[in-house]
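What follows is a set of notes on a single structure, which appears directly below.
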Amino acid sequence: MDSANTTPAQSGPTNPAAPVAPSPAPTPITPPSANPVGQTVSVNPPPVAAEASSDKWNFLAIAGIILVVVLVGAGAFLIMSNPQMLGSLTGNKAQTTTPAANPPLVPKTPTQTPPTAPQPPASPQPIDEIPLTIATPVNNVTVTTATIKVTGTTSARADVSVNEIDTKADATGKFSATLTLSEGDNPIVIDAVDENGQTSERELTVTYQPAGS
């Protein structure tokens, strides 16, 4: 064999390895250096404190507006409720009317109504269809004799009754009847009836009081 054409044997892998990049060197840690004297250091305020300050100013502004509105409303109320102040502001003097004084109250004296005496029962109305006049006796007379004569006039030829005594009027209408009285009050009823059936009636009282009693 020709030694010139012989390729020498290689040891190791057939493909050479890719070059490896060197690792970066570690960055040295530098301690914080002290602030040199005379050097100005600016410090920014935290954002939370700035927002709190803005809210405070907004609250104060709203409170001020509310206070102004309240004061204006109170002033307007005072002006409207006081006519003199309103007149002085508008240039016209308010006219005030003085209320008329009420007259003093005079206590009323209670009036006492006197009690009314009981009224006697009304006597029945006499029947008066024909004329009937009693001549004797008069009503409520007091006599001392036990007998009394009742006389009067009515229609001509009318039938007349004096208590239980029946009689008849004459042509001129005159009649008479004699009664016996009891001691004390004696009611007397006289009735007259003419030929046509028309009647009249009278009542009276005679008191019999015996002499010496």
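Can you give me the long-range amide H partners of ALA135? Hydrogens built in the peptide plane at 1.01 Å from N, cutoff under 5 Å, separation of 5 or more residues or another chain.
Placed amide hydrogens put THR151, GLY152, THR153 under 5 Å from ALA135.
Check each of the GluC sites (Glu not before Pro) in segment 123-206 and keep only those in coil by DSSP with at most 16 other C-beta atoms within 10 angstrom; list them in order.
GLU129, GLU164, GLU183, GLU195
Fully extended, how many nm does the chain gain between ALA171 and ALA156 (0.36 nm per residue separation, minus their Cα-Cα distance)?
Result: 4.9 nm gained on full extension.
For the residue pair ILE79 and THR133, what label-to-label distance in nm results when each label sits 7 Å from Cα along the Cα-to-beta-carbon direction?
10.1
For ASN186, enumerate residues with amide H under 5 Å from its amide H, sequence gap 5+ or separate chain, H modeled in the peptide plane.
Hits under the 5 Å cutoff: VAL206, THR207, TYR208.
In bins 10 Å wide, starting from 0, what share of all Cα pairs of segment 137-213 does each bin hold, as a percent?
Whole-percent P(r) values from 0 Å outward: 20, 47, 24, 8, 1.
No value in this document is a laboratory result; all are computed from the given coordinates. Bear in mind that the values here come from a model prediction, so they are computed numbers and not experimental data. Every residue, glycine as well, gets a Cβ built from its backbone with ideal geometry; the counts of neighbours run over all protein chains shown.
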